[in-house]
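Notes follow once the structure below has been shown.
The values are calculated or read from the model by the stated rules, or taken from the named source; none is laboratory data. All figures in this text were calculated on a predicted structure; none of them were measured in a lab. Note that we place each Cβ from the backbone using ideal geometry, even for glycine, and neighbour counts take in every protein chain shown. We work out accessible area using only protein heavy atoms, side chains counted, and drop any ligands, DNA or RNA first. Shrake-Rupley method; radii C 1.70, N 1.55, O 1.52, S 1.80 Å.
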Amino acid sequence: MSLLSVEDLVVRHGLLQAVRGVSFSVERGETLALVGANGAGKTTLLRAIAGAHQAASGRVIFDGADLSGVPSHERVRKGIALVPEGRRLFVQMTVEENLLLGRTAGRPGDWSVERVLETFPNLKPRRHAKAGHLSGGEQQATAIGRALMSNPDLLLLDEVSLGLSPLVVDRVYASLRGLISSGTTIILVEQDLNRALSVSSKVICMLEGRVALAGDSKNVSRDEVTKAYFGLHRKAAGGVPA
Amino acid sequence: MNAMPNGAILSAAGIHKRFGALVVLDDIDFAMGAEEAVGIVGPNGAGKTTLLSVLSGAYPPSAGTIAFKGDDVTTLPATQRCRLGLVRTHQVPKPFGGMTAFENVFVAASHGAGLGRDEAYEEALGSLKLCGMLGVANRRAETLGLLDRKRLELARALAAKPTLLLLDEIGGGLTDGEAGELVETIRELRRRRIGIVWIEHIVHILLQVAERLICMDAGKIIADGDPQGVMADPQVISAYLGGGPK
Amino acid sequence: MTNQIVQGILLGGYYALIACGLSFMFSVMRIINLAHGSLAVLSAFALWLLASRFHIPPFLGLAIVLPLMAVIGWALQRFLLERSARGGALLPILTTFGLAIVIDNVLFEQFGADTRSLAPFIGSLSYDSWEWPGSLYVGKLAVIIFVTAVVLLGGLQLFLTRTGLGRSIRATSEDPDTAGLVGVDARRANAIAAAIAMVTVGLAGAFLGMRATFDPYAGATQLLFAFEAAVIGGVGSLWGTLIGGIVLALAQTLGATVHPQGFLIGGHIAFLIVLFIRLYTSGLGLGGLLRLSTGKAS
Amino acid sequence: MSTASPVIERGTVASRIAGCGVAIIILLLAVAPQFLSAGVVDRMTALFIYVILAAMWNALAGFGGLVSVGQQVFFGLGAYFTIRLANAGLNPFVSLFVSAVIVGTVSWPISLLMLRLRNGEFAIGMWVIAALTHLLVNLDRLIQGETGTSLISLNVYDASTRRVTIYWLALASMTALLAVLFGLLRGSTGAAIRAIRDNEDAAASVGVRVTGTKRLLFVLAAFGIGVAGALWLATAITFQPKTYFSVQWTAYMIFMVLVGGIGTFEGAILGALLFFIIETWFGGTGVWYLIGLGATALVFSLLLPRGLWGTLEDRFGWRILSVGYRVRLPVNASDTTGGTAPPAQVTTSREKA
């Protein structure tokens, strides 16, 4: 049984139908990369899986249970954690407090403040700093750490490298590789295609709310993805996909 | 770049915008001629919407100057800039929810364009018609769907009789047919000699209208010129997709 | 003069007490509760009823009234505020104003127009005083109120920073959406925050009754005091509220020395002056005055 | 394409009939004192004042989005300045209106500070202003604190002349204020006011002068409520600050507008009428009456926030004194989604009243 399966999911974001019938599934231990231009519906899809948006139709099935109508805080309890776009830290609170909040769901597991600080050594001296005063890389580490604190079975990462310097991105990805090798299931939204393909086993490219391309990360070409990304594949084909 | 090209209708020089420690616009120089149609693309967080907000007067730049029709408008509030003919739309439509679609547009015609009653009626109806909204003219805006709200956003800006229109992602979430209509509408604006600056993520729509394309990334302009050329620019591709070819 | 300043500072403790619930609710739920003062008076009447009818002294009566206030706060949030807040920013003002009118007049219906006091039920505490160096006489009750305010504010601060529930409430006040994504039940956090706010209101009502008199329509004045102290204290920590309360009380004390009727005028004018300075120096007009600064980048 | 252009309609058949009806009612009301008992004339005067209060609060809150719980300040000041002017020797009836002008003038500086506040802060900030003004008025020796004073100079007129004159003045004030308000809200300024209420940023971005427009509305509402306060003084003769500066007045305004229908012109008038009837029937029950008012306001704000008229308007499309605009499409227009499609008749886009 897949850890997560998304079945013909339609999500409205405000009035916008941001996700227009998406289906896919993720097995335990897999890493799925989600790419696509802005407004393609990636963030909305992740947020819908995490329960921040309710589906207009279709289903999200996690660990065998239908999540329809389950609010976001309950989903954290079931083992889904989201690192939201823009980090969304509680800027008035310290790094430690942000991390402790991740424990609200009370799921048993190995993650502790200490372990997060071990994993992201750059946070160690910043433990009692307000999250609003952190650098971009430190903020990102805190956001990932906060999600890990709930000991999730499924980790959703939205644009973790956005606004970071390449050096910091390398560091973030090094820690992600650690997580992946320890068996954590991950869905990752990433702008940087090469990075996305290098860590993932599967890739989905979204365009205007739909899946424009899905494949094995090793087998898709950069060119294919670029075409799907800008919606040029269908112009070239001279038609509109059904 | 201190000397603005002659005949520039809008020129911005040395624009910086910071929110706290966050630098969103980093030394932007931008000038365009009247009747030009300029597209702006760039990945999330590149500062496109912020640039539009600074140009339209929603908030002042942290540094730099903006001139419109030869006058310095850097400190002029949005209301005044609108009355001068520099009008914007909002990425997330901001309709006057308790008013009908017609009333929404009428406000812009009578205040933004400063028209008398009958001219304002003509202008408002004309804008609604151009945007295909006559059929829902009597609906309260809060009851409209997203597509109609986006159209209303455009119709309302048009009714203020802009000489230069700043469009922020009016194409998002449209079906192909709807996008086609939108392109037609924009082409009609061009025939009416209205200058256009258009931020859009749906690049293939933008390419049908823009005669010049600017790509922004991390608060800077990284490419500016012929649309096909800009889209082929490796720097632009890597701004979107990162890294070099695989 | 020293005497008046000391009295003023002590009175500020009471204002901090009544203001902290108002600003706490505002910073968490973004709602100004116009029934705030009326609820304080309700608590005072409840204690009065317990004392006069059932001979339960007010300090003991708090053991009954405060839990009751917590329940009221929880219900208020769940059944009124949560619902009306969905209708935009203006509806909660009207809803809580309607509630204030109902409470005031129900109290009037039950207890009549007479002014009451809890002072007769707390023995000599209402008039006892300590002599401090410099032949300064300070009322024991005033000191108790001030100390209570400090302890309450400190306790609240500790609760918010040191406990999981407190962090959940702070997270909800900063960003309810993201709070849900890290596992916080925002509705529950709001209801608990409202319950806590009402407990502080209950306590403030008790002290209102002990240190002065009250009548069914006294709620409006208490609301204005609370609002003024909260705005003067401004953004930031709960301690700002204490400073706001003290400034308000000192201004009132000063007003009273200038003119026999200057007590309330002094407070209102101080409030307007602070408001004027804040609005025209910091450009806070757009952000809201009571709001804890979130410093969120756009 | 069709040759016929859409027509802008400002009213319906119903509204034209209603317009005539309103004119007839006002005429009837003008001659009514000949036939009515003294008591009824006094009650009718009160009704006119309620209508003014409701219309003004509705303009501010319902159209402008400015919810104030301190509007009693202008009610009290209207009465206070009348006392002051009459005491200075001005004819008491003239004083009523000069006083209201002064109230409007005073509201200007108040607006400079208060209009920078938002939502709840504005609401309660106005309340502080009302409380402070009340205290300052109490300081005036002439008023003698809460003891108050009377508009003695009215005593030179005999009781029935006084009653009928005040009745007429109240009727005329109500008519004039409603007409001015209707004209303002119906015109392009009214559209701007509603636009600001719905989205201030968007209003600014399409050229609406936000601050100036809000200020105009604030001052107009202050003036109108000042007139109401002055008229109330003329009927009651006595001036006790506590009565006039009571928050109860704002409670009444909120009740009337919330029940009648916030943001609709008809709603405020309907609300005032209902309030008047309820007061006539239940006013004697004293405090239960007030509890009922508060509870009704509470229930309406929770369950029926658009009020009675707003709900009827939504349900049945009733529009009598509408300030809105309707576009009527020519019958051969291609769009079929338009709400109203009566026979086309005109080929220009001139306004039809």
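Cβ-Cβ distance of A:R59 and B:R187, R₀ of 35 Å, FRET efficiency by 1/(1 + (r/R0)^6): the value works out to about 0.25. Largest to smallest in accessible area, the residues C:I56, B:I214 fall in the order C:I56, B:I214 (1.4 Å probe, all protein chains included).
Out of the DSSP beta bridges found with both residues in the protein assembly as shown, what percent are antiparallel (nearest 5)? Walk me through the intermediate numbers first.
Details: 55 of 91 bridges.
In the protein assembly as shown, DSSP labels about 60 percent of beta bridges as antiparallel.
Note on chain A: antiparallel DSSP beta bridges, both residues inside, total approximately 55 percent of the bridges counted.
Take the Cα of C:M1, step 7 Å toward its Cβ, do the same at D:R43, and the gap between the two points is 6.2 nm.
Can you tell me the FRET efficiency between D:K242 and C:S135 if r is taken as the Cβ-Cβ distance and R0 is 45 Å, rounded to the nearest 0.05?
Rounded to the nearest 0.05, the efficiency is 0.70.
The listed residues C:F159, D:F255 rank as C:F159, D:F255 when sorted by accessible area, largest first, using a 1.4 Å probe.
Residue by residue, the stretch D:58-63 carries 3J(HN,Hα) couplings of 5, 4, 5, 8, x, 9 Hz when phi is fed to the Karplus relation 6.51 cos²θ - 1.76 cosθ + 1.60 (θ = phi - 60°); x denotes Gly or Pro. Shape of the stretch D:35-110 from its Cα gyration tensor (a ≥ b ≥ c, root eigenvalues): rounded if a/c is under 1.5, otherwise prolate when a/b > b/c, or oblate? Oblate shape, in that a/c is at least 1.5 and b/c is the bigger or equal ratio. Annotation for A:R127 and A:S112: the two label points, set 7 Å from Cα along the Cα-Cβ direction, are 1.1 nm apart.
Below 8 Å between Cα atoms, with a sequence gap of 6+, how large is the relative contact order for chain D in percent? Don't skip to the answer; put the middle values down first.
Numbers: 521 pairs, mean separation 125.5, N = 353.
Once normalised by length, the contact order is 36 percent.
Amide H contacts under 5 Å for A:L9: A:G21, A:V22, A:S23, A:R59, restricted to partners 5 or more places along the chain or on a different chain, H placed in the peptide plane at 1.01 Å from N.
On association of chains D and B, roughly 3000 Å² of accessible area becomes buried (total for both chains; probe 1.4 Å). Mean partner shielding of peptide B:36-49, defined as the number of other chain Cβ atoms within 10 Å of each residue Cβ, is 2. Straight-line cross-link reach from A:K124 at under 12 Å between alpha-carbon atoms covers these aspartates and glutamates, not counting any fewer than eight positions away in the same chain: A:E96, A:E114, A:E138. A dipole drawn for the stretch C:2-294 from +1 and -1 charges on Cβ atoms has a positive end, and of C:G202, C:L248, C:I192 the residue lying farthest that way is C:I192.
Is it possible to state the helix-based mean residue ellipticity at 222 nm for chain B, with each DSSP H run of 4+ residues giving -39500 (n - 2.57), the sum divided by total residues, to the nearest 500 deg cm²/dmol? What is it? Intermediate values should be presented prior to the final figure.
Details: 9 runs with 85 residues, N = 246.
It comes out at -10000 deg cm²/dmol, rounded to the nearest 500.
The 3J(HN,Hα) values that the Karplus relation (6.51, -1.76, 1.60; θ = phi - 60°) gives for the stretch C:66-79 are, in residue order, 4, x, 4, 5, 4, 5, 4, x, 4, 5, 4, 5, 5, 9 Hz. Gly and Pro appear as x. Take the accessible area of chain D alone and of chain C alone, subtract that of the pair, and you get about 3800 Å² summed over both chains, using a 1.4 Å probe.
Taking the longest Cα principal axis of chain D as reference, the axis of helix D:307-316 is set at about 20 degrees.
From Cα pairs below 8 angstrom and at least 6 apart in sequence, can you work out the relative contact order of the stretch B:183-246, rounded to a whole percent?
Working: 48 pairs, mean separation 12.6, N = 64.
Rounded, it is 20 percent for the stretch B:183-246.
In this structure D:F239 has an accessible area near 0 Å², from a 1.4 Å probe over the protein heavy atoms.
What shape does the protein assembly as shown take by its C-alpha gyration tensor, where a ≥ b ≥ c are the square roots of the eigenvalues and a/c under 1.5 counts as rounded, a/b above b/c as prolate, and the rest as oblate? Write down the numbers at each step before the final one.
On the way: a/c = 2.08, a/b = 1.29, b/c = 1.61.
The shape class here is oblate.
Counting only C-alpha contacts under 8 Å and six or more residues apart, can you give the relative contact order of the stretch B:33-185 as a whole percent? It would help to have the intermediate numbers written out before the result.
Numbers: 211 pairs, mean separation 41.3, N = 153.
Averaging sequence separation for qualifying contacts and normalising by length gives 27 percent for the stretch B:33-185.
Within the same chain, aspartates and glutamates fewer than 8 places from B:K161 are excluded, and of the rest, those with a Cα less than 19 Å from its Cα are B:E35, B:E36, B:D71, B:E103, B:D118, B:E119, B:E122, B:E123, B:E153, B:E184, B:E188, D:D201.
Please state the charge dipole magnitude for chain D, taken about the Cα centre, from unit charges on C-beta atoms (+1 on K and R, -1 on D and E), reported in debye and rounded to the nearest 20. Present the calculation step by step, with values, prior to reporting the outcome.
Details: 23 positive and 15 negative charges, 97 e Å.
Charge dipole of chain D: 460 debye, to the nearest 20.
Here's the list of lysines a cross-link from A:K218 could span, going by alpha-carbon distance under 30 Å and ignoring same-chain residues fewer than 8 apart: A:K42, A:K202, A:K227, A:K235, B:K246.
At a 10 angstrom cut-off on C-beta neighbours, averaged per residue, how do the peptides C:145-156, D:157-168 rank from highest to lowest?
On the way: C:145-156: 18.3, D:157-168: 15.7.
Highest mean packing first, the order is C:145-156, D:157-168.
Note on exposure: B:R149, C:R187 ranked by accessible area (1.4 Å probe, complete protein assembly) read C:R187, B:R149, with the most exposed listed first. Distant-in-sequence amide contacts of B:I40, defined by a placed amide H-H separation under 5 Å and a gap of 5 or more residues or a different chain, comprise B:W198, B:I199, B:E200, B:I214. Residue-wise HN-Hα couplings along the stretch A:97-109, as the Karplus relation 6.51 cos²θ - 1.76 cosθ + 1.60 with θ = phi - 60° gives them from phi, are 5, 4, 5, 4, 4, x, 8, 3, 5, x, 7, x, x Hz; Gly and Pro carry x. Taking packing as the residue-averaged number of other Cβ atoms within 10 angstrom, the listed peptides D:22-30, D:188-196 run from highest to lowest as D:188-196, D:22-30.
At 1.4 Å probe size, with every protein chain present, just tell me what the per residue accessible area of the stretch C:2-294 comes to in Å².
Values: 10770 Å² over 293 residues.
Using a 1.4 Å probe on heavy atoms only, each residue of the stretch C:2-294 averages 37 Å².
To the nearest 10 degrees, how steeply does helix D:72-87 sit against the main Cα axis of chain D, on a 0 to 90 scale? The angle comes out at about 50 degrees. Model label points for C:T257 and B:T175, set 7 angstrom from Cα along the Cα-to-Cβ axis, are 7.7 nm apart. Decide, for the stretch C:1-115, between rounded, prolate and oblate: order the square roots of the alpha carbon gyration tensor eigenvalues as a ≥ b ≥ c, take rounded if a/c falls under 1.5, and otherwise choose prolate if a/b is larger than b/c, else oblate. Judged from the Cα gyration tensor, the stretch C:1-115 comes out oblate (a/c at least 1.5, b/c at or above a/b).
Ignore the peptide's own chain and count Cβ atoms of other chains within 10 Å of each Cβ in B:123-135; give me the average, rounded. It would help to have the intermediate numbers written out before the result.
Numbers: counts 0, 5, 7, 2, 0, 2, 5, 0, 0, 1, 2, 8, 9.
What the average comes to for B:123-135 is 3.
Surface composition of the protein assembly as shown: carbon and sulfur make up 60 percent of the accessible area, probe 1.4 Å. Accessible surface for B:C131 stands near 10 Å², nearest 10, in the context of the full protein assembly shown (1.4 Å probe). The separation of the stretch C:54-131 from the stretch C:154-233, counted between C-alpha centres, amounts to 14 Å.
Charge dipole (Cα centre; +1 on Lys/Arg Cβ, -1 on Asp/Glu Cβ; no other charges) of chain B amounts to roughly 460 debye.
Taking every residue in C:214-223 and counting other chain Cβ atoms within 10 Å of its Cβ, the average works out to 2.
In this view, the solvent-accessible surface of D:V98, computed with a 1.4 Å probe and all protein chains in place, comes to about 50 Å².
Using only Cα atoms, find the angle between the long axis of helix D:188-198 and the longest principal axis of chain D, and express it within 0 to 90 degrees, rounded to the nearest 10. Tilt relative to chain D: about 90 degrees.
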